[in-house]
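The values are calculated or read from the model by the stated rules, or taken from the named source; none is laboratory data. Computed from a prediction, not measured in an experiment: that's the story for all the values here. We place every Cβ from the backbone using ideal geometry, glycine too, and count neighbours over all the protein chains shown. These area figures cover heavy atoms from the full protein model, side chains too; ligands, DNA and RNA do not enter into them. Shrake-Rupley method; radii C 1.70, N 1.55, O 1.52, S 1.80 Å.
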Amino acid sequence: MKKEGSFIKIRGARVHNLKNIDLDIPKNSLVVITGLSGSGKSSLAFDTIYAEAERRFVESLSSYARQFLGVKEKPDVESIEGLSPAIAIDQKSISKNPRSTVGTITEIYDYLRLLYSRAGIPHCPNCNRPVKRQTVDEMVKRVVSMEPGTHLLLLAPVIRGKKGEHKSVFGEIERGGFLRIRLDGEVMRIEEGRDINLDPKKKHTVEVVIDRLVIDKDLDKSRLRDSLETAIKIGKGFIVVNNTLEDILFSEHLACASCGISLYDLEPRAFSFNSPYGACPACTGLGSTQEVDARLVVPNMNLSLLEGALQPWARASHKVGRQSWYWWMLEDLASRHNFALDKPLKELPKKIIEILLNGDGEKPARPDGQSGGFEGVVPNLKRRWKETDSEWTRGEIEKYMVVRSCDVCGGRRLKLEALAVTIDGRSIADISGLSIADSLAFFRAYLKKGPSEIQLVLKEIIRRLDFLMNVGLEYMTLSRSSTTLAGGEAQRVRLATQIGSHLTGVIYVLDEPSIGLHPRDHSMLIETIKHLRDLGNTVLVVEHDRETMSEADWIIDMGVGAGKHGGEVVFEGSYKKVLTAKTLTGEYLSGKKNVVIPHPERRKEKPSLSVGVWITLEGASENNLKNVTLRLPLGKFVCVSGVSGSGKSTLINDTLAAALLGHF
């Protein structure tokens, strides 16, 4: 018998169709809430227990924090005692942010960033040689070798990408006798910088102007050396040399002797694709870019320009002047390059097609009658897509764009400098691209030979990878985007994360976690849920599944019917007792009642025009599909099965359904 305080005591719950129910739910147990659809299961679990726990948590915060979270409405219940902080997990609660990956959700990637910043071996991104520190002599040699006549600014970085007003920093620079600084990319006198009120919530960069030089034969090398040494001292080993075109980083810490490339010291943020210090500048850390596809711009080469061969311009909105403007540009282009507008595109020279798509590289045409250049349809669409503030316009242009892997980082999301840092010959992107099983094997092997100061980090990574293995996700990679996760996969990833957090005394509320799961995955899910309970938590599961109920410590059966006929607790107790209960759930579980399915031979098939006709899908390669060819009979009830993450939804929803929608 449980103690008095080991129950969640609910009195007078009247949310939705609940009929003033009183209920005692045992804590630190696996509790299944079952019953007919619409009988009040979710109203009890989510709209009463979870909603009240969330409301109490928000009310415990300061008034400043509450203004951002809003006021939570109190559920229609007289009292709830013994309530703990609650977390809701369902199959739709995973982030659909393209920047979110399995590694970031489980926080394993945070530990990887820390590991690589402490134990990683940096290499030059150009020649792949190990990077070492530069001497002052090497810096002088590199500066002197620059193009004669180049104007240089020698800068010492004092603040780099940190929030704050930095008033004290300006005072120290002025006391040091320096007259100029570069603040967020703009060179100014120290007095001007001191008068600017910097936003303390934004990141700022402050660099001291040490010297201004011109590369010529009269360059004083001793002055250059002194300036570099001063910059090293103030910049704590870092110097930025600006040649009016770009910033060149010099460092007494890390630099490639062959290429002259300097790197900043390794920090965890340098390996984050969600930070400007680590993200690939071309794709901003997404790993892919959206590019205009010429095949979508000109889908039919048999049409002429008069007939609307350029699809985006043929379907342009009918605002005043829009159509005539495009037509005027085409007429101007045709007169300058001597081609006909009524000829099919396939009969025009390849050079003209190239100009139509990508422009002729001259200055843009002007509407006042003066001849100019032609921008090209592809650059025009790309420019408008970047510049527009209209979501509708951006959506219209995206009809002619495709997602491609980033050419700079190869889809690996990070800067080349970060990708050149390795541990045991593998970069952080290489590790993220391995399956969970392979990653676990790698780190277990590295644990035996890795430095002693990173043993704790390695053990935490291994522990969290183990949790993912235990929920049947050994095939998954840490780099996999959360947008591609199936519902069952997403739920198990979140469950593994919660186990890794080692929270105790929490109420977890799960909404039918068995939906869409293969029997193999279902047993793993139940073991994970029981692990959560064994940590000292209360797990409430809204569920219809027999196997889950058989493993439960306590079952609550809602009924008697659905809607206005439900909202009552018709049974509460153990699984053994529910088998003898006179409820619909108990009678079906015990076998007293069964769902009778007519024999296939007895069903009469209605004649259909589609019978005997097949639809074929060839070369399906979306997500994890491996060049699949599928033949489906029309006019039939077709079932697609397989373990979670095997590609069912990708094949039917993302590939077949998308192809049919695009066709019709």
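Here is how the numbers come out for the structure above:
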{"item": "Ordering of 235-247, 22-34 by burial proxy (mean other Cβ atoms within 10 Å per residue, highest first)", "result": "22-34, 235-247"}
{"item": "Sequence-distant residues sharing a close amide H with A88 (under 5 Å, placed H)", "result": "V509"}
{"item": "Accessible solvent surface per residue of the chain, calculated while the other protein chains remain in place, 1.4 angstrom probe, Å²", "result": "53"}
{"item": "For peptides 140-153, 279-292, sequence by mean Cβ density within 10 Å, most packed first", "result": "279-292, 140-153"}
{"item": "Ordering of 210-219, 56-65 by burial proxy (mean other Cβ atoms within 10 Å per residue, highest first)", "result": "210-219, 56-65"}
{"item": "Segment 132-184 versus segment 458-478: alpha-carbon centroid distance in Å", "result": "45"}
{"item": "Surface share of carbon and sulfur [accessible, 1.4 angstrom probe, percent] for the chain", "result": "52"}
{"item": "Other-chain or far-sequence residues with amide H under 5 Å of I210's (modelled H)", "result": "L154, L155, A156"}
{"item": "Whole-Å semi-axes of segment 102-159's equivalent ellipsoid (Cα gyration tensor)", "result": "36, 16, 12"}
{"item": "Candidate values [x] 87, 58, 53; [y] 78, 60, 49; [z] 101, 72, 50, label of the one derived for Cα extents along the principal axes in Å", "result": "[z]"}
{"item": "Between segment 484-513 and segment 96-118, the Cα center-to-center distance that results, in Å", "result": "17"}
{"item": "Charge dipole magnitude, Cβ of K and R +1, D and E -1 - the chain, Cα centre, debye nearest 20", "result": "980"}
{"item": "Mean-position separation - Cα centroids, segment 12-31 and segment 283-318, in angstrom", "result": "58"}
{"item": "10 Å beta-carbon shell around T388, net charge (K/R +1, D/E -1)", "result": "0"}
{"item": "Helical segments meeting 18 Å axial Cα length and Kyte-Doolittle 0.0 threshold in the chain (DSSP H)", "result": "455-470"}
{"item": "Accessible-area value, R631, 1.4 Å probe, nucleic acids and ligands omitted, Å²", "result": "130"}
{"item": "Antiparallel %, DSSP beta bridges [both residues in the chain], to 5", "result": "75"}
